[in-house]
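First up is the structure itself, then whatever we jot down about it.
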Amino acid sequence: MQPSWIILKKELRGYACSPLAFIFVTIFLAFQMGFTFILGRFYESNQASLDIFFSFQPWLYLFLIPAIGMRLWSEEKSSGTIETLATLPLGMPAVIAGKFLASWLFVLAALLLTFPIVITVFYLGSPDPGPILTGYGMSWLMAGAFLAVACFTSALTRNQVISFVLSVIICFVFLLLGFGVFHEYLDFLPAGLLDFLSGLGFIPHFQQATRGVIDLRDVIYFISIIVFFLILNAAVLEGSAES
Amino acid sequence: MIQAAGLTKKFGPITAVNNVTFTVSTGEVLGFLGPNGAGKSTTLRMLAGYLRPSAGTIAIDGIDMAAGPIAVKKKIGYMPETTPLYREMTSREYLLFVGEAHGLADAEGRVEQVIETANLAAIRHQLTGTISKGYRSRLNFAAAIIHDPPVLLLDEPTDGLDPNQKNEIRKLIKDLSRNKAIIVSTHILEEVEAMCSRIIIVSEGSIVLDGTANDLRRCVPGGRAAVLAIRPQDKSAAERALGCALSPLGAGPAGCERFRLNTDERPARLSARLAEAGIACEEACCWEAPLDDAFRHLTRTTE
Ligand SMILES: Nc1ncnc2c1ncn2[C@@H]1O[C@H](COP(=O)(O)OP(=O)(O)OP(=O)(O)O)[C@@H](O)[C@H]1O
Ligand SMILES: [Mg+2]
């Protein structure tokens, strides 16, 4: 068996047995529906599309994904099982990949459980299935980016609360970057750099897909964010073996 | 089998392990002793591949830890001092996880075997988060031996065990040592005599003794002495004949009294010399200082 598969299996079983996981899914679904129907006035909008549903998603992820990711490494550190994990012949890259994939699959499961809303729009009208599919796909990729940030901050500390707060802050910056809100304060920077920074925001890359356009650059963007933070995650763990 | 050369570990300003060099061969059980904070666990953590040494090298079965960490870790069974467990797994699931992580073909079969060996049947289906301290130790011990590794690193394996289980585990360690190189860290000195073929004592990160239990005794002044049983009235004659002072230890056999004298001479030699001087000696044997006296003597820091 592949080392990452062994870890994936162990982590997935952890989710299946964890009451927290069920609470998380319930909260996710409740907020997702609440935002869409109440705040977003889904019925009144009279659109047979999931635009409203998707537009709230990044903000929901901002708090919920760090909550999923915060325990990934912090818990191993505080319970000491990181010592077991590090002395088994698995190799840290495989362990990191296994842990990340398991939580990403868990998020996928939660995301797929929002299917009643898809049924609802199809019942109410005849929406274009393209944007729905691409929206869901990109939403999952974006969730992966949030999750990779949470993995990284979780590796930094044995305290889950600190890990949560740090990843919310980092993810919040990534959300704001997309709106160019920093432009005013950072206007001393060269324009090229400013453009690069606002290109790093999550939301513009996501919105394309909710309109039915899959741009390969957006896919590459989210995958790069994931890989970047997982490498940081590995570097942090490597660093804790040094000290 | 286990080779550590110049191992050093610094935590910021603290030097936890300082230039430690030793080798352990297959068949040996090395008792790793030292006061609290001496650096035992830190050394074992480096040997197990959890901490990276600040300096020095580790080789297991000729493979360098830095060059092939995964190949090396396959050969090691490690029992951490903190006996960590995944709380949401049952004991059996935990062992299965460790077995699969070692790539065992028949992980399930091995799990059953170690459950038997470590007497874990009672908690087989219990969540590890709820088992007692002694069982935590035994479960970690079982996990360390599940892949039948040529090297065992055990950090206080009998900590928290009841007397029966302590004996059981000691016997097991002795049995296992036939085809393994084993390092056992412990604070129980009788245990060292019972199962270790060699002792290393560390103090403040450095090795202060590498040898057998008797080598340890020899380090204290008077740590090795002889006991002679002679009639009390012969005491001064015997002192003259042997040229050293006798200190009384108490009543001996057949109206004799036991005396202790500090010497390295063999007891048989001593009784022969007494016989030459016409003094009857009922009994002559070695006197062994309690190990903890020797331990205290060696690890006494300059206070
Ligand atoms: N992660 C760490 N960061 C900083 N200092 C550490 C760390 N781990 C250990 N130390 C220090 O290193 C020294 C050696 O600790 P170690 O745990 O190896 O001792 P020990 O010999 O196992 O003691 P004990 O008998 O109490 O188990 C101690 O001074 C300890 O405070
Ligand atoms: Mg220790």
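The values are calculated or read from the model by the stated rules, or taken from the named source; none is laboratory data. Since the structure is predicted, the reported quantities are computational estimates derived from the model, not experimental observations. Counting neighbours? That spans all protein chains shown, and the Cβs are built from the backbone with ideal geometry, glycine included. Keep in mind that these areas ignore ligands, DNA and RNA; they rest on the heavy atoms of the full protein, side chains included. Shrake-Rupley method; radii C 1.70, N 1.55, O 1.52, S 1.80 Å.
Entry note: segment A:119-205 has Rg to Rh equal to 1.13, where both radii use alpha-carbon atoms and Rh is the Kirkwood radius. Each part gets one Cα centre, and for segment A:48-75 versus segment A:4-29 those centres are 15 Å apart. Centre-to-centre separation between the Cα atoms of segment A:157-229 and those of segment B:205-262: 79 Å.
Under a Cβ-Cβ cut-off of 11 Å, what is the net charge of the residues other than B:ARG231 that fall near it, where Lys and Arg count +1 and Asp and Glu count -1? Charge balance in the 11 Å sphere: -2.
Taking the dipole about the Cα centre of chain A, with the C-beta of Lys and Arg at +1 and of Asp and Glu at -1, give me whichever of A:ILE52, A:ILE203, A:ILE162 is farthest to the positive side. The residue sitting most towards the positive pole is A:ILE162. Contact order, relative form, for segment A:2-242: 27 percent (alpha carbon pairs under 8 Å, 6 or more residues apart, mean separation divided by residue count).
When accessible surface is computed with a 1.4 Å probe, chains B and A are found to bury approximately 2400 Å² between them, both chains counted.
Using only alpha carbon pairs under 8 Å that are at least six residues apart, calculate the relative contact order of segment B:224-289 and give it in whole percent. Before the final figure, lay out each step's value.
Working: 126 pairs, mean separation 32.5, N = 66.
With pairs under 8 Å counted, the relative contact order is 49 percent.
Taking 29 Å as the limit for the C-alpha separation, the pairs B:LYS9/B:LYS75; B:LYS10/B:LYS171; A:LYS99/B:LYS40; B:LYS9/B:LYS180; B:LYS40/B:LYS171 exceed it in the case of B:LYS10/B:LYS171; A:LYS99/B:LYS40. Entry note, chain B: relative contact order of 20 percent, from Cα contacts under 8 Å with a spacing of 6+ residues.
Each stretch of four or more DSSP H residues adds -39500 (n - 2.57); spread over every residue of the protein assembly as shown, this sum gives -17000 deg cm²/dmol at 222 nm. Considering chain B at the alpha-carbon level, its Rg and Dmax are found to be 23.9, 76 Å. The angle separating the long axis of helix A:216-242 from the principal Cα axis of greatest extent in chain A is about 20 degrees. A convex hull fitted around the alpha carbon atoms of segment B:224-289 yields 71 Å³ per residue. Over the protein assembly as shown, the pair-distance histogram of Cα-Cα distances with 20 Å bins from zero comes to 18, 37, 26, 12, 5, 2, 0 percent, rounded to whole numbers.
Solvent exposure of A:ARG41, expressed as accessible area, is near 140 Å², computed with a probe of 1.4 Å over the protein chains only.
Where both residues lie in chain B, what percent of DSSP beta bridges are antiparallel, nearest 5? Each step should come with its number before you reach the end.
On the way: 35 of 52 bridges.
The antiparallel proportion sits near 65 percent.
3J(HN,Hα) along segment B:239-251: 4, 5, 5, 8, x, 8, 6, 10, 10, x, 10, x, 5 Hz, from the Karplus curve 6.51 cos²θ - 1.76 cosθ + 1.60 with θ = phi - 60°, whole Hz, x for Gly and Pro.
Under a model in which nothing but the beta-carbon of Lys, Arg (+1) and Asp, Glu (-1) is charged, the protein assembly as shown shows a dipole of about 680 debye around its Cα centre. All Cα-Cα distances of chain A, cut into 5 Å bins from zero to the largest, leave 1, 6, 13, 17, 18, 15, 13, 9, 5, 3, 1, 0, 0 percent in each bin in turn.
Of the peptides A:189-200, B:232-243, how do they stack up when ordered by the mean number of other Cβ atoms within 10 Å, highest first? It would help to have the intermediate numbers written out before the result.
Details: A:189-200: 12.4, B:232-243: 14.3.
In descending order of packing, they fall as B:232-243, A:189-200.
Amide H contacts under 5 Å for B:ASN19: B:THR8, B:LYS9, restricted to partners 5 or more places along the chain or on a different chain, H placed in the peptide plane at 1.01 Å from N.
When only DSSP loop residues count, what GluC sites (Glu not before Pro) in segment B:182-215 have their Cβ near at most 15 other Cβ atoms within 10 Å? Here no GluC sites (Glu not before Pro) fit, given the DSSP loop and packing criteria. Treating only the Cα positions of segment A:33-149 as identical point scatterers, give the base-10 log of I(q)/I(0) from the Debye formula at each q in 0.13, 0.19, 0.23 Å⁻¹. For the requested q values the scattering log ratios are -0.61, -1.00, -1.31. Radius of gyration over Kirkwood radius for segment B:1-137, both on Cα atoms: the Rg/Rh ratio is 1.01. Computed 3J(HN,Hα) for segment A:163-171, one whole-Hz value per residue from the Karplus formula 6.51 cos²θ - 1.76 cosθ + 1.60 where θ = phi - 60°, is 4, 4, 4, 4, 6, 4, 4, 4, 5, glycine and proline marked x.
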